[in-house]
Amino acid sequence: MFSALWRGMWLVVVSVSALIAAEPITSGPLPMADGPAQPDLENLRGFECPAWFRDAKFGIRVQWGPQSVPELGDDYARNFSIPGRRAHEYHVANFGDPAAVGYQAVIARWTAAQFDPEALAKRFAAAGAKYVVALAADRDNVDLWASTHNPLNAVNHGPKRDIVAAWAAAVRGAGLRFGVSEHNAPGYDSRELNPQPSTAPGGAERWYARIHELADTARPDLLYTIGRPVPDDVNWRLLAHYYNRGLDWHDDLEVVYAARANTHPWIAGTGVETIERGVTAGIAAAPWQCDTPLNDWIYDREMPMRSATAVIHQLADVVSKNGNLLLNVPLRADGSLPDEAAAVLDEIGAWLEVNGQAIYGTRPWGPFGEGPTETVPGPLGEKQTLPYTPEDVRFTVKAPPPGLGLDMRETLYAIVLGWPGPGEEVVISALATGPKQRPIATVRLLGHRSALRMVRDRDGLHIQLPPDAPCRHAIVFRID
């Protein structure tokens, strides 16, 4: 939804369905859909995050394309021509001297022979994801849709297939929201493929043409830009176009534009700020997103997967601070899901099956949590944060359904990041007795049917655990 001003302006939005077709970029103004959103910062700060994104909490991103062929992780297109890099050694051994056999040989080998987007989307839904963000354009300058502005695309080369369209149909068919990511990065493009990157004259206009077309044809619920930005006026024009198109697709603004603050410092208030492999220090005023990989950003066969425990603990921390977790899941070169990744997703899905009510549709409480482990905030902070312990607790709340009466209170969830042990006592200090403390009627351990012994005093709420853990990784108390 929009601010009150934007909502009023929306009533006069003109249908712009004619703009769905790709338009050539000329020397005139960049094409933009009519509507209340305008390409200036003051106007764009009227953005309000849609409810679906605030409620979703957990999404999966898939950065899979030609660079996945060697299964050596991210940035192959940049590294294969640099002696001493692992990518260079692989390229020489499998394709030949980069000076003689370039990146086109890699693209040709990306055939997507085992790519089954319907099966993958169902697998992601079973893991508990509520939205899926698919790669549309990586730093190798290959567009993964039927791009009319870039002949180097997946329909003309490699799999000879519109990968973005395949993802969109499968993800929406599984009942999930669909997003795309674009990684335009001036200075990182392979010169062999893109001798005129976005920093060259006309580069920003070429980027606009491609992503403008991507937005109009894929109609993504979320557009995540990860590359280095083009000039602000060009980026704001695309953002305004995307928001106006979103109003044309839906009754209200339901689309999300996401970016990282280090490249898009104006993203807070105009879209959703995304933190790379990190979290906020405390509860953020606006919804945000943590983007983190299960393996490398692109599958690295030599790198182990993160554990389900680590992902679930991070999910709890992120959600307690008003954020969503976007987990990048790797695919093998052929488009299949690695067995190790599938096993982690199964564990996450099993945990959310029991405890999802403490995640989906929740909001932050007063304190986000308590315990000895301190997170290191900001980008890449997860690498410096120590593993959580069973003494660490994260809180979320959920409002009662409408129509139940004014006496109904919100439900509080306390997520304990581990299993303290059979019969052990958990003490939640934030629920100590006090003049302004909320009353407690019942305390339940999700996944456990029997009643729990509890005592509340000035030190906190004391809860005695049962002999057996109801689930792995973390346990959740529902407090009404």
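The values are calculated or read from the model by the stated rules, or taken from the named source; none is laboratory data. The shown structure was predicted, so the numbers you read here are calculated from the model rather than taken from an experiment. Because the Cβ atoms are built from the backbone with ideal geometry, glycine has one as well, and the counts that use them run over all protein chains shown.
Looking at the range 80-91 only, could you name the residues that are farther than 15 Å from Tyr299 by Cβ and either surrounded by 18 or more Cβ atoms within 10 Å (Cβ to Cβ) or of a type in the set (A, V, I, L, M, F, W, C) (or both)? Steps first, answer last, please.
Keep residues of the range 80-91 that are farther than 15 Å from Tyr299 by Cβ, which gives 80-85, 88-89, 91.
Residues satisfying the conditions are Phe80, Ser81, Ile82, His91.
Can you confirm whether the range 438-457 contains a residue that is part of a strand (DSSP E or B) and loosely packed, with under 12 Cβ neighbours inside 10 Å? It would help to see each step written out before you state the result.
Kept after step one, since they are part of a strand (DSSP E or B), are these residues of the range 438-457: 443-445, 454-457.
Restricting the remaining residues to those that are loosely packed, with under 12 Cβ neighbours inside 10 Å gives 457.
The answer is yes, given that some residue of the range 438-457 is part of a strand (DSSP E or B) and loosely packed, with under 12 Cβ neighbours inside 10 Å.
Please go through the range 92-134 and pick out each residue that is on the phi > 0 side of the Ramachandran plot, within 21 Å of the chain's Cα centre (by Cα) and surrounded by fewer than 17 Cβ atoms within 10 Å (Cβ to Cβ).
Of all residues in the range 92-134, those on the phi > 0 side of the Ramachandran plot come to 96, 112, 128.
Filter once more, keeping what is within 21 Å of the chain's Cα centre (by Cα): 128.
Answer for the range 92-134, where residues must be on the phi > 0 side of the Ramachandran plot, within 21 Å of the chain's Cα centre (by Cα) and surrounded by fewer than 17 Cβ atoms within 10 Å (Cβ to Cβ): there is none.
Which condition number in (1) closer than 28 Å to Asp162 by Cβ; (2) modelled with pLDDT of 95 or more; (3) assigned to a helix (DSSP H, G or I) is the one that Val234 fails?
Condition not satisfied by Val234: (2).
Among the residues of the range 419-437, write down those that are β-branched (Val, Ile, Thr), out of contact with any Pro (no Cβ under 9 Å at 6 or more places or on another chain) and surrounded by 15 or more Cβ atoms within 10 Å (Cβ to Cβ).
Within the range 419-437, the first condition is being β-branched (Val, Ile, Thr), and the residues that meet it are 426-428, 433.
Okay, now just the ones that are also out of contact with any Pro (no Cβ under 9 Å at 6 or more places or on another chain), so 427-428, 433.
Once the filter is applied, which keeps residues that are β-branched (Val, Ile, Thr), out of contact with any Pro (no Cβ under 9 Å at 6 or more places or on another chain) and surrounded by 15 or more Cβ atoms within 10 Å (Cβ to Cβ), the range 419-437 yields Val427, Ile428.
One line per residue, one yes/no per condition, for (1) within 30 Å of Ala350 (Cα to Cα); (2) free of Cβ contacts under 8 Å to residues at least 12 places away in the same chain; (3) of a type outside the set (S, T, N, Q):
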{"position": "Arg78", "(1), (2), (3)": "no, no, yes"}
{"position": "His88", "(1), (2), (3)": "no, yes, yes"}
{"position": "Pro98", "(1), (2), (3)": "no, no, yes"}
{"position": "Val101", "(1), (2), (3)": "no, yes, yes"}
{"position": "Arg109", "(1), (2), (3)": "no, no, yes"}
{"position": "Ala112", "(1), (2), (3)": "yes, no, yes"}
{"position": "Ala119", "(1), (2), (3)": "yes, yes, yes"}
{"position": "Lys130", "(1), (2), (3)": "yes, no, yes"}
{"position": "Ala137", "(1), (2), (3)": "no, no, yes"}
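If you check Leu253 against the conditions, is it in a helix (DSSP H, G or I) and either in contact with a strand residue (DSSP E or B) (Cβ under 6 Å, 6 or more places away or on another chain) or over 14 Å from Glu382 (Cα atoms) (or both)?
Numbers: in a helix (DSSP H, G or I): no; either in contact with a strand residue (DSSP E or B) (Cβ under 6 Å, 6 or more places away or on another chain) or over 14 Å from Glu382 (Cα atoms) (or both): yes.
Criteria not met by Leu253.
Which is crowded, with 16+ Cβ neighbours inside 10 Å and under 18 Å from Asp291 (Cβ atoms), of Leu380, Leu331, Leu337, Leu352? Spell out how you get there, then give the answer.
Working: Leu380 fails: crowded, with 16+ Cβ neighbours inside 10 Å; Leu337 fails: under 18 Å from Asp291 (Cβ atoms); Leu352 fails: under 18 Å from Asp291 (Cβ atoms).
From the options Leu380, Leu331, Leu337, Leu352, the qualifying one is Leu331.
Collect the residues in the range 159-188 that are in a loop (DSSP other than H, G, I, E, B) and buried (at least 23 other Cβ atoms within 10 Å of the Cβ), keeping them in residue-number order.
First, pick out the residues of the range 159-188 that are in a loop (DSSP other than H, G, I, E, B): 159-162, 174-176, 183-188.
Scanning the range 159-188 gives a single hit, Asn184.
Can you pull out the residues in the range 203-231 that are modelled with pLDDT of 95 or more and assigned to a loop (DSSP other than H, G, I, E, B)?
Arg219, Pro220, Asp221
Of all residues in the range 404-418, which are under 19 Å from Cys471 (Cβ atoms) and surrounded by fewer than 14 Cβ atoms within 10 Å (Cβ to Cβ)?
The answer is none; no residue qualifies.
Matching residues to (1) aliphatic (A, V, I, L, M); (2) assigned to a strand (DSSP E or B):
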{"site": "Asn262", "(1), (2)": "no, no"}
{"site": "Thr280", "(1), (2)": "no, no"}
{"site": "Ile283", "(1), (2)": "yes, no"}
{"site": "Cys290", "(1), (2)": "no, yes"}
{"site": "Ile298", "(1), (2)": "yes, no"}
{"site": "His313", "(1), (2)": "no, no"}
{"site": "Ser336", "(1), (2)": "no, no"}
{"site": "Glu340", "(1), (2)": "no, no"}
